[in-house]
Amino acid sequence: MTSLPVTATTRARDVLAAEWLKLRSVRSTYLMLLLAVAGTAAVGLFATARAKVDSPGYFDAVEISLSGAVISQLAFGVFGALAITTEHTTGMIRTTFAAVPRRRAVLAAKAAVTGLLALAVGEVIAFGTFFLGQRELSSAHLDVGLADPDVLRAVAGAGFYLFVMAVVGLCLGTIIRHTAGAIAAIGVIFIEPLFVLTGFPAWLKDSVLWWAGQAVMSSRPRPGYPSASLGFIVCGVYAVLALAVATFVITRRDA
Amino acid sequence: MIEVRELTKRYGGKPAVDDLSFQVRPGHVTGFVGPNGAGKSTTMRVILGLDAPASGEALVNGHRYAALPRPLRQIGALLDANAAHGGRSARDHLRCVARSNGIGVRRVDQVADLVGIGAVARQRVGRFSVGMRQRLGIAAALLGDPGTLMFDEPLNGPDLDGIRWVRGLFKALAAEGRTVLVSSHLMSEMALTADHLIVIGRGRLIADVRTEEFVRSSPRADVLVRSPRGDDLARLLTDRRAVVVAEPDGGLAVSGLDAGAIGRLAADHGIPVHELATRNASLEEAYLELTGDSVDYRAGTTGEDS
């Protein structure tokens, strides 16, 4: 019953390990990530097959092979949100906060494990669908390789974008505390470009997450889109801002 | 050891806990009793650092909860048996909770066996019955082998066997020198379970007494007399200023005279008595009387005035 002095590192490791265990022990983790893998591959294959027949004015062999990110970004956002909203809807959050009253440490650990898993799976998806797409395009000699300019950055950027979606999803879940509400908010990010297209000032376009993501995963500058480096910055700002707000609210509410 | 000091917690301006102070000491089972909505759960949530108080504080072993480095090793609590992810297996649930406080898997299996869910620990929590979830919650509370334990309405839900087991567990934990706080809205239940009672109503402390003392001080209500010549006896009793109420089954409920005086009176007049019994007001009635003014929601009284 006596407690030995516990170092901050040990405590951080305990919380990280616990959150990792949580993530691994529910089916929704596997379901969401599998959905992302399958969805991205399917859309990518379809898009590349179509691109061979139908040659559009603008063509980017990388971007077209990664176009399934439309699906996976949602799955990743939901995956991030579920990491905390299921705790709120089941009441598990009270067990969690009673076990670790330092709530910011809980959020940090959740962000670390969901973020790292999302980054790993995101990169696997990005590189996997890229190679799948290029193989498809190769028959029409439209394919590119990783050594071509900006290709590696665009493919890796797609994985990074998915990581950002998971972190933003987790933060929205932390702020909103309901699964349905968080998914709706992620949906807003998803359909945000549609609003921007209809009559918002042009500079706003650069701050739209989905457009930033598109810029990040394109190997050629696209007219009307932010540059790739601006895209990375916008994605980063979203993740940092979301984490800041989530960190702020998490200690200020009764569990 | 739990210490609550001048604790106030408001929800939307309305105080749920109002300047509440008490201590829970080791070695006893302490009952935390009050009507529904009295503030028991709120107090427990504040003790666990889940809710922030408007003023005052709650200390566990002299520290605020948030300052405990590995809280589960000092205090374990079951607030809500449903506070687990239904899709996770019971064992995984316990492992997650244990890991966050640096507690190993061996202890997880140990507590699962201890509460009797060892055999089903690999099943998903969503399939568990209310009673099994409660055992899972108790297992989680015991994980860190803490010196202080807190259970919110643990007797509300399990079947009779479960209730008996839980009671035995509380007594055993207290006998080991631990501090055990158990809440309930039923006094009769707590009288059987707790050595000490903290009674609250509308967020305020009403009583902080030993259970024995509470039972002893419960008002003695009346004496039940049964006699084949009940009418004659009733007349004699009312002559002696006793209040006599005829019961539907023919007995007489007498107040104002004790059983000895009634027995002597009957003997002096040669009236046979078949039954003569002092009736204590039930504990529940004493408790209701005590908390009567502090119930927020009460069904409207119908029919006769009392």
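Key figures for this structure:
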item	result
Members of region A:219-236 that are under 22 Å from A:I186 (Cα atoms) and free of Cβ contacts under 8 Å to residues at least 24 places away in the same chain	A:Y225, A:P226, A:I233
Residues located in region B:20-44, provided they are of a type in the set (A, V, I, L, M) and within 13 Å of B:A58 (Cβ to Cβ)	B:L20, B:V24, B:M44
Restricting region B:79-91 to residues that are touching a Ser or Thr at 6+ places or on another chain (Cβ under 8 Å) and within 21 Å of A:A83 (Cβ to Cβ), the residue that is surrounded by the most Cβ atoms within 10 Å (Cβ to Cβ)	B:A84
Matching option when the condition is under 20 Å from the mean Cα position of the chain (by Cα), within 25 Å of B:S21 (Cα to Cα) and in contact (Cβ under 8 Å) with a residue 24 or more places away in the chain, among B:P158, B:P154	B:P154
Check on B:R64, surrounded by 23 or more Cβ atoms within 10 Å (Cβ to Cβ) and more than 20 Å from the chain's Cα centre (by Cα)	no
Failed item in (1) surrounded by 17 or more Cβ atoms within 10 Å (Cβ to Cβ); (2) among the basic types (K, R); (3) under 19 Å from the mean Cα position of the chain (by Cα), with B:R25 passing the rest	(1)
Leading residue by the ranking (least open to solvent (accessible area, probe 1.4 Å)) among those in region A:86-139 that are over 24 Å from B:R70 (Cα atoms) and aromatic (F, W, Y)	A:F130
Close pairs from region A:207-218: first closer than 14 Å to A:I71 by Cβ, partner open to solvent by 10 Å² or more (accessible area, probe 1.4 Å) and among the β-branched types (V, I, T), Cβ under 8 Å, at least 6 apart	A:W210/A:I189
Qualifying positions in region A:86-102 - in a helix (DSSP H, G or I) and touching a residue at least 60 places away in the same chain (Cβ under 8 Å)	A:T86, A:H88, A:T89, A:I93, A:R94, A:F97, A:A99
Helices (runs of 4 or more DSSP H) contained entirely in region B:105-210, each with at least 1 residues that are at pLDDT below 95 and open to solvent by less than 40 Å² (accessible area, probe 1.4 Å)	B:130-142, B:160-175, B:187-193
Criterion violated by B:I47 - all others in (1) more than 16 Å from B:I198 (Cβ to Cβ); (2) in contact with a strand residue (DSSP E or B) (Cβ under 8 Å, 6 or more places away or on another chain); (3) within 11 Å of another protein chain (Cβ to nearest Cβ) satisfied	(1)
Failed item in (1) closer than 18 Å to B:H85 by Cα; (2) open to solvent by 10 Å² or more (accessible area, probe 1.4 Å); (3) among the aromatic types (F, W, Y), with A:F79 passing the rest	(2)
Evaluation of B:G76 against (1) assigned to a strand (DSSP E or B); (2) within 21 Å of A:V6 (Cα to Cα); (3) open to solvent by 10 Å² or more (accessible area, probe 1.4 Å) (one fails), failing number	(3)
Filtered residues of region B:70-86 (kept if over 20 Å from A:A109 (Cβ atoms) and within 7 Å of chain A (Cβ to nearest Cβ))	B:Q74, B:A77, B:L79, B:D80, B:N82, B:G86
B:I2 being under 25 Å from the mean Cα position of the chain (by Cα), β-branched (V, I, T) and within 9 Å of chain A (Cβ to nearest Cβ)	no
Selection status of B:L94, surrounded by 23 or more Cβ atoms within 10 Å (Cβ to Cβ), in contact (Cβ under 8 Å) with a residue 24 or more places away in the chain and under 30 Å from A:R24 (Cα atoms)	yes
Exclusive hit being among the hydrophobic types (A, V, I, L, M, F, W, C), in contact with a Cys (Cβ under 8 Å, 6 or more places away or on another chain) and at pLDDT 75 or above, set A:A212, A:A228, A:A244	A:A212
Failed item in (1) more than 8 Å from chain A (Cβ to nearest Cβ); (2) crowded, with 23+ Cβ neighbours inside 10 Å; (3) polar (S, T, N, Q), with B:S55 passing the rest	(2)
Matching entry among A:L21, A:L35, A:L31, A:L16 (being over 18 Å from the mean Cα position of the chain (by Cα) and open to solvent by 60 Å² or more (accessible area, probe 1.4 Å))	A:L16
Residue satisfying condition, being more than 22 Å from B:A98 (Cα to Cα) and aliphatic (A, V, I, L, M), within set B:L155, B:L149	B:L155
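This table checks each residue for (1) without any contact (Cβ under 8 Å) to a residue 40 or more places away in the chain; (2) surrounded by fewer than 24 Cβ atoms within 10 Å (Cβ to Cβ).
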position: A:T40; (1), (2): no, no
position: A:D54; (1), (2): yes, yes
position: A:D60; (1), (2): no, yes
position: A:I84; (1), (2): no, no
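Each row is one residue, and each column tells you yes or no for (1) within 14 Å of another protein chain (Cβ to nearest Cβ); (2) of a type in the set (S, T, N, Q); (3) touching a strand residue (DSSP E or B) at 6+ places or on another chain (Cβ under 7 Å).
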| residue | (1), (2), (3) |
| --- | --- |
| A:T9 | yes, yes, no |
| A:M32 | yes, no, no |
| A:A41 | no, no, no |
| A:R50 | no, no, no |
| A:F59 | no, no, no |
| A:I71 | no, no, no |
| A:F76 | no, no, no |
| A:A83 | yes, no, no |
| A:E87 | yes, no, no |
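The values are calculated or read from the model by the stated rules, or taken from the named source; none is laboratory data. From a predicted model like this one, the values you see are computed outputs, not experimental measurements. Note that each Cβ is placed from the backbone with ideal geometry, even for glycine, and that neighbours are counted across all protein chains shown. Protein only, heavy atoms only, side chains kept; ligands, DNA and RNA dropped before computing areas. Shrake-Rupley method; radii C 1.70, N 1.55, O 1.52, S 1.80 Å.
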